[in-house]
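In what follows, a structure is listed as structure tokens, so that the remarks can point back to it.
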Amino acid sequence: MGEQRSAVGFLANWLETSPRPDKSILVSPKSSEVEEQTLPGLLACCPDAETEYLSQTVSKVAAGHSVIALYPEEKIAESIVDRVDPTTADLCITLWPGFDQLEMWLEAHGAIQLPSGMPADTSFIERLDPVVRVAIARPHDVMSEHGGIRNGRGKDEIVQTLRLLHKNGYTYRRHDLQLFAYRLGYRQRDVEQLGTYVDSIRENRRLQTGPDRLRPDILDLWKSEAEDL
């Protein structure tokens, strides 16, 4: 119970000290035991906060509210990853164990961790070679709304990019590359697919793509752009 009260205190303090006038606490329609333990304490500390369902997370954040999202389920977590702009959002999320993609998204954007108040470690950016950072940013520019990198031009570009990097000896941690993709704005399903492609290329598994999407001098271009990072 002491840990529960401490958690409520940290969350309430975050919401109370937010400079934004509109504040929302979002919960699941089927409240879990931990939500039932947390919500009364939050409302006691922040009686003016609105209480809504988690399905309103994206719209409340977009409207400029300070939002506490209590234990979002999988679909809501994916909508947060895909549709919330972390550079403008005032959003605090409590996580169920095992929600790796949402946790990665938060880590990628240097989210503040409670109760420590320390930002997530973003050293993955510096661990990636600048050429890799430039290269992985380009496929994001051509992703279609529906296809992403699972098919079509998006798949062609990302697979051909990863192959060229691999062929020329560029190495990186799979996890670091996925974190950087989240930071660039890749959607959750595309970040997951990116990891699958990385594994396939490292294991020399066959990946079928369309026509060459990369210009012959693309590696030189990446190197030139990387010098400015």
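The values are calculated or read from the model by the stated rules, or taken from the named source; none is laboratory data. All of these numbers come straight from a predicted model, not from anything done at the bench. Ideal geometry is used to build each Cβ from the backbone, glycine not excepted, and the neighbour counts take in all protein chains shown.
Observations on the model:
Quick grid of which residues meet (1) over 27 Å from Met118 (Cβ atoms); (2) modelled with pLDDT under 95; (3) assigned by TED's automatic domain parsing to the domain that holds Gln188:
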residue	(1), (2), (3)
Asn13	no, yes, no
Glu35	no, yes, no
Leu42	no, yes, no
Tyr53	yes, no, no
Val58	no, no, no
Ala69	no, no, no
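- Output for the stretch 85-102, where each listed residue is more than 22 Å from Glu33 (Cα to Cα) and assigned to a loop (DSSP other than H, G, I, E, B): Asp85, Pro86, Thr87, Thr88, Ala89
- Residue count for the stretch 134-153, restricted to those that are at pLDDT below 85, part of a helix (DSSP H, G or I) and under 13 Å from Leu214 (Cα atoms): 2
Residue-by-condition table, conditions (1) of a type in the set (S, T, N, Q); (2) under 14 Å from the mean Cα position of the chain (by Cα):
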| site | (1), (2) |
| --- | --- |
| Glu16 | no, no |
| Asp22 | no, no |
| Ser79 | yes, yes |
| Ala89 | no, yes |
| Ala108 | no, yes |
| Ala111 | no, yes |
| Leu114 | no, no |
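- Any hit, the stretch 63-77, residues being in contact with a Lys or Arg (Cβ under 7 Å, 6 or more places away or on another chain), charged (D, E, K, R) and surrounded by 13 or more Cβ atoms within 10 Å (Cβ to Cβ): no
- Pro139 being closer than 23 Å to Thr87 by Cα and either among the small types (Gly, Ala, Ser) or out of contact with any Lys or Arg (no Cβ under 6 Å at 6 or more places or on another chain) (or both): yes
- When Asp85 is tested against (1) within 18 Å of Ile112 (Cβ to Cβ); (2) surrounded by 15 or more Cβ atoms within 10 Å (Cβ to Cβ), just one condition goes unmet, and that condition is (2).
- Filter result for Leu165 (over 23 Å from Phe99 (Cβ atoms) and either outside any helix (DSSP H, G or I) or of a type in the set (A, V, I, L, M, F, W, C) (or both)): yes
- Filtered by the rule that a residue be modelled with pLDDT under 95 and surrounded by fewer than 16 Cβ atoms within 10 Å (Cβ to Cβ), the stretch 22-33 gives Pro29, Lys30, Ser31, Ser32, Glu33.
- Residue match in the stretch 103-125 (condition: under 27 Å from Tyr53 (Cβ atoms), in a strand (DSSP E or B) and at pLDDT below 95): yes
- Test for Ile112: is it surrounded by 12 or more Cβ atoms within 10 Å (Cβ to Cβ), in contact with a Pro (Cβ under 6 Å, 6 or more places away or on another chain), without any contact (Cβ under 8 Å) to a residue 24 or more places away in the chain and under 26 Å from Asp190 (Cα atoms): yes
- Long-range neighbours under 7 Å by Cβ, at least six apart or interchain, first residue assigned by TED's automatic domain parsing to the domain that holds Arg138 within the stretch 151-168, second of a type in the set (Phe, Trp, Tyr) and in a helix (DSSP H, G or I): Ile158/Tyr197; Val159/Tyr197; Leu162/Tyr197
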